[in-house]
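**Q** For reference, the structure I am asking about is given below.
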Amino acid sequence: MKKKRIVISGSPGSGKTTLIERLRDLKYPIFEEYSRTLIEAAIKEGKNHYFQSNPQEFSEALFSGRKKQFEALEELKIDSPYVFYDRGIHDIYAYLKAINKDSKFWYDRVSEFQYDLVFLLAPWKEIYNTDHQRLETFDEAKHYYSFIKYIYSQSHRIIQVPEGKIESRINFIKDKLNSYE
C-alpha cells in the first residue's frame, strides 16, 4: 500500500503545532518541522534571526532536511496509510517569495516534489503569539500565509482547516482523509 504524504502548513501562530502534537498523540507518523531544529542550532551558535539574516543559507539547510524527510517515507515500516509533514518543501519557496528572495532555481527545485494532500491553517488572531523562534508580527504572519497558500495551490490539492477547538480540527482532517481518494 502506497503511503500518502500529507502536509500540515499555514500561517505562523495558526495552531499548527498543537494540531501536529494531537495527531502524534493519536499515533499518526509525523515528520517534525525541520526549521525549528535549524533555528535552535543557530541560536546555540549565536546566530539570531537566522532566516532573516541569511535566507539563502537557511533555506539551503532547510531544503536538505526536508528532502531527507520526504525521501525517508520509503523506509518507514508503518501501518498508517498517511504520513504527516509539519510543513513541506514548498514552504521554503513560499517564504523566499514573501521576502522577494525567490528565484527560478528555487522554483524548479521545490517543483520536483509532490505531496498527496495539503491542509492549510490560516492566521488566527485570537491564538497568535510570538516566541524565541516565531518572531513574526501577526501582519507578517498573514503576509507569509498568502504566499504559502498561493504556492501550494499551484500544484497541490489544498484543504483549508477551519478555526475551532483542537478535536474539531482533528475530526475535520480525519473526515477529509476518509473521503480522500
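Coordinate-derived values only; no laboratory data. These figures come from a predicted structure and were not determined experimentally. As a convention, Cβ positions derive from the backbone with ideal geometry for all residues, glycine included, and neighbour counts pool all protein chains shown.
**Q** If the elastic network links every pair of Cα atoms under 10 Å, which of Glu126, Glu57, Glu21 fluctuates the most in the Gaussian network model of the chain?
**A** Glu126
**Q** Next question. Between Ile43 and Ile30, what is the label-to-label distance in nm when each label sits 7 Å out along the Cα-to-Cβ direction?
**A** 1.8 nm
**Q** What is the sum of charges, Lys and Arg at +1 and Asp and Glu at -1, for the other residues whose Cβ falls under 12 Å from the Cβ of Ser146?
**A** Its environment carries a net charge of +1.
**Q** Using the Karplus curve 6.51 cos²θ - 1.76 cosθ + 1.60 with θ = phi - 60°, what ³J(HN,Hα) values do you get for each residue of the range 96-110, in whole Hz, with x for Gly and Pro?
**A** 5, 5, 5, 10, 6, 10, 6, 7, 4, 3, 5, 4, 4, 5, 6
**Q** Going by how many other beta carbons lie within 10 Å of each one, how would you line up Asp86, Asp91, fewest first?
**A** With the fewest neighbours first, Asp86, Asp91 line up as Asp86, Asp91.
**Q** Here is a further query. Of all trypsin sites (Lys or Arg not before Pro) in the range 1-60, which ones are in loop regions per DSSP and have a Cβ with at most 16 other Cβ atoms within 10 Å?
**A** Answer in residue order: Lys2, Lys3, Lys27, Lys47.
**Q** Which one of Trp124, Tyr85, Tyr145 is farthest out on the positive end of the charge dipole of the range 84-151, using unit charges on Cβ (Lys, Arg +1; Asp, Glu -1) and the Cα centre as origin?
**A** Tyr145
**Q** Give me, ordered by chain and number, the residues 5 or more places off Lys4 or on other chains with an amide H under 5 Å from its own placed amide H.
**A** The answer is Tyr82, Val83.
**Q** Would you order Ser59, Ser111 from fewest to most other beta-carbon atoms within 10 Å of each residue's own beta-carbon?
**A** In increasing order of surrounding Cβ atoms, one gets Ser111, Ser59.
**Q** For Cα pairs less than 8 Å apart in space and 6+ apart in sequence, what is the mean separation divided by the residue count of the chain, i.e. the relative contact order in percent?
**A** 37 percent
**Q** Any chance you could list the semi-axes, whole Å, largest first, of the equivalent ellipsoid that the Cα gyration tensor gives for the chain, using √(5λ)?
**A** Equivalent-ellipsoid dimensions as semi-axes: 24, 19, 16 Å.
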